[in-house]
Amino acid sequence: MNRRGGGLPIEQFIQALTSQLDRAQSAMALKASAGLPLTFAVKDISIDLRAHVEVEGSAVRIVPAGPGDGDASTLHIALTTITRPMIEENTLQLSAEPDEPSLKDVLGDEVSEEEQRRLEWAGVHTVSQLRELQRRSSEDAIVRVAQLPVERLRAALTRASQPFVSHVAPDLPRNGGRPLDEPPLLRIRGHNLMQEQTPQVRIQGEQIPVLKATAKELVIAPLAHQLGGTLEVEIAPGLVSATEFDLTPLNRPAKREAAAPPSEPAAPADEGGEP
Amino acid sequence: MTRRALWETLVELIEAARPDEGAALPLRVTSLYLDVPLEVALHAAGDELELLGNLPRWRWTTAFDNRQARLQIDFRERGLT
């Protein structure tokens, strides 16, 4: 629960109300299933709540009126049941991909809590949703909704477009059909790892062949001396991620590998791998 | 008197509207519309926020009672799915 200054965000009150209706519905269905074939469903509900209304930034908070509060406001909240097709018709589908970092994870202090809250009003919880909204609407629309200065929005979008490496691991079990005496292929995981074109990947400044590229994963073929150091992924001019990694223990004679296949070590990438 | 969660009050109200099983005529209630005063309070249970909703304890409210809300709710009969 998020209560500050005694007030409660109005959406939390509505959530609490709908949660009570759900529980009432479940309880009635349970009773009915014990014998009667029919139950009751809530069709409409409205409540006139006597409360004090406060506005704190972009949050509307309510404080239920206490004894003797003659000048409290009346909040008339009416809810009705809607069907799934109605929900789908009236909701802008901005799908979040699984395991996608939140806006806060990526943008950090680039957007304030207040601005993030306004973006959430527009259904934007993740970076991909922010980019999708920018693509479908425009910068102006986001600026209006989030009341973000346009320069800060551009900075946030630029930061959100940066490639980010979260994991570097050898592709040992298959190794792309390579001979055992060759160093393993490396799988690089993260997000924003590719835009329209295959990214350029460098280790210690040397170009590495990229065998496969998606926004979330790259497969590269380094040479034996390229299993550690600074890994750079450049998806466009100026959009570069730099990450330190070390998988040099994998660079060992083929016969030893064949005799005792190594487990698949993974080199967690430096979380601060920013350009 | 212990305050009840709103859902408990709603279930009690709807159950009270069901005819007795031993009634002479085979009647059934197909809809129910309630317009009742309600004492609303919020109760924090851990991270959860529970909405308490109770009918007034007394016919006359005193200066020590919280301001009452008004609840209108429309129930319709439906088959179990």
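The values are calculated or read from the model by the stated rules, or taken from the named source; none is laboratory data. For clarity, every value in this text was computed on a predicted model and none was experimentally measured. Cβ sites come from the backbone with ideal geometry, for glycine too, and all protein chains shown count toward neighbours.
Computed values, structure above
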| read-out | value |
| --- | --- |
| Filter pass, B:GLU21 being at pLDDT below 75 and over 18 Å from A:ALA27 (Cα atoms) | yes |
| Candidates A:GLU151, A:GLU120, A:GLU56, filtered to the one that is at pLDDT 70 or above and surrounded by fewer than 11 Cβ atoms within 10 Å (Cβ to Cβ) | A:GLU151 |
| Matching residues in segment B:60-81 - criterion: being at the interface with another protein chain (Cβ under 9 Å from one of its Cβ atoms), of a type in the set (A, V, I, L, M, F, W, C) and more than 25 Å from A:LEU8 (Cβ to Cβ) | B:PHE75, B:LEU80 |
| Which numbered condition A:GLN15 fails, given (1) assigned to a helix (DSSP H, G or I); (2) within 7 Å of another protein chain (Cβ to nearest Cβ); (3) over 18 Å from B:GLU39 (Cβ atoms); (4) modelled with pLDDT of 75 or more | (2) |
| Any hit, segment A:74-95, residues being farther than 20 Å from B:VAL36 by Cβ, at pLDDT below 85 and surrounded by 15 or more Cβ atoms within 10 Å (Cβ to Cβ) | yes |
| Residue that is nearest to B:VAL11 (Cα to Cα), among those in segment B:43-59 that are at the interface with chain A (Cβ under 7 Å from one of its Cβ atoms) and exposed (fewer than 12 other Cβ atoms within 10 Å of the Cβ) | B:ALA44 |
| Breaking point among (1) modelled with pLDDT under 85; (2) surrounded by 19 or more Cβ atoms within 10 Å (Cβ to Cβ), for A:ALA258 | (2) |
| Subset of segment A:28-42 (residues that are within 7 Å of chain B (Cβ to nearest Cβ), more than 35 Å from the chain's Cα centre (by Cα) and either modelled with pLDDT of 80 or more or outside any helix (DSSP H, G or I) (or both)) | A:PRO37, A:LEU38, A:THR39, A:PHE40, A:ALA41 |
